[in-house]
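Everything below concerns the one structure shown next.
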Ligand code: GDP
Ligand code: MN
């Protein structure tokens, strides 16, 4: 789950990372009031789940409350990477001497938290990684010992020459690691970590992604979810307890089990198609889940065909068939539906579907080939 910068800042501040006090505004007037209260030049920053806000015009300096109002009215309502800005953060502006990058991810390769630092901060770190990879220094942290002081100092020495700054940066790395581990982070980033003319090292931006698996045991983190900032289809899927990820293709997939869902997407690609989504209706066979799944998939205008791939184990295929029939009665499904089912209560399922003039296939390859062909015809 993505956090907004203003939420991520609270996690980092709680770990002791130096960040200026600011506030969040949903209207230009609120932004002006915050700027007035702060009483110096401020930065007005778009709060959306996307990086590169600066380049997109979503981060602006304002010298006084009137300017803060103007900038906020420009930024609020603006679209950045498809996301509409609904809130702005207003914080005291810092004078920047240098910009570094600090980031932590949960790394699959080393199976450890991976700390990355770079003196080439401020800009897109992906760009640095592509053009000047030697400017990024990495350390896989052993979670049994945590980030050791000499490791942090070693990394900090690649960023600064002034030893007070080296020490300050090393301390911030330890604090970032602590915030990351304590809050189930899958990514935590400070970019830029800036130095000011008086020599301080301060975090000017904060990004934090919480591992979704952490949310069940941490109501405080789950409460930070901002559904208005998420894709509507993903919100609807989560409410219906479906695991759903929207993709760019046109073959809508309804599958039971994450492994089969992955295999289905692979096969769609293998036969020259593009999946429109990953969707796992889970192990239980509740017809209501099928209805919800169909509602979500048919609401995506890119979808040209719907492919069911159900392997009945605990999932009863007759329940899935009933779900399909119920859905087509509840709302109009204007798209071709290709159904492959096999396993528990398969014969009953076929009878139910035949009762409404639908056909069920038994072979996964046949079903996927047919779905891909139908998607191509529809173009
Ligand atoms: P991002 O583009 O979404 O990563 O947003 P950032 O918070 O990183 O802001 C983008 C850029 O705006 C930074 O790299 C800085 O150059 C600039 N910026 C952000 N905060 C300040 C500030 O307090 N003072 C000044 N002068 N520039 C800032
Ligand atoms: Mn940034």
Exercise for review: Residue by residue through the range 61-73, note down the ones that are more than 16 Å from ligand 2 (Cβ to nearest atom) and farther than 15 Å from residue 48 by Cα.
Suggested key: 62, 63, 64, 65, 66, 67, 68, 69, 70, 71, 73
**Study point:** Residue list for the range 260-287, restricted to those being within 18 Å of residue 341 (Cβ to Cβ) and at pLDDT below 95
**Key:** 279, 280, 281, 282, 283, 284, 285, 286, 287
Exercise for review: Would you please name the residue that is nearest to ligand 2 (Cβ to nearest atom), looking only at residues in the range 11-36 that are farther than 26 Å from residue 185 by Cα and assigned to a loop (DSSP other than H, G, I, E, B)?
Suggested key: 26
Review point. Restricting attention to the range 37-58, which residues are crowded, with 20+ Cβ neighbours inside 10 Å and within 16 Å of ligand 2 (Cβ to nearest atom)?
Key: 43, 44, 45, 46, 47, 48, 53, 58
Point to revise | Hits in the range 9-36 (condition: farther than 18 Å from residue 203 by Cβ, in contact (Cβ under 8 Å) with a residue 60 or more places away in the chain and loosely packed, with under 15 Cβ neighbours inside 10 Å) | key: 26
Exercise for review: Taking residue 159 as the residue in question, decide whether it is crowded, with 20+ Cβ neighbours inside 10 Å, part of a loop (DSSP other than H, G, I, E, B), over 26 Å from the mean Cα position of the chain (by Cα) and modelled with pLDDT of 95 or more.
Suggested key: yes
Practice item. At least 2 residues that are over 24 Å from the mean Cα position of the chain (by Cα) and within 18 Å of residue 204 (Cβ to Cβ) in each: list the strands (runs of 3 or more DSSP E) lying fully within the range 93-153 that qualify. Key: 98-107
Exercise for review: Could you tell me whether residue 197 is outside the structural domain of residue 46 (by TED's automatic domain parsing) and within 16 Å of ligand 2 (Cβ to nearest atom)?
Suggested key: no
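The values are calculated or read from the model by the stated rules, or taken from the named source; none is laboratory data. The structure presented is a predicted model; accordingly, all values stated were derived computationally and were not measured. All Cβ positions, glycine included, derive from the backbone under ideal geometry; neighbour counts span all protein chains shown.
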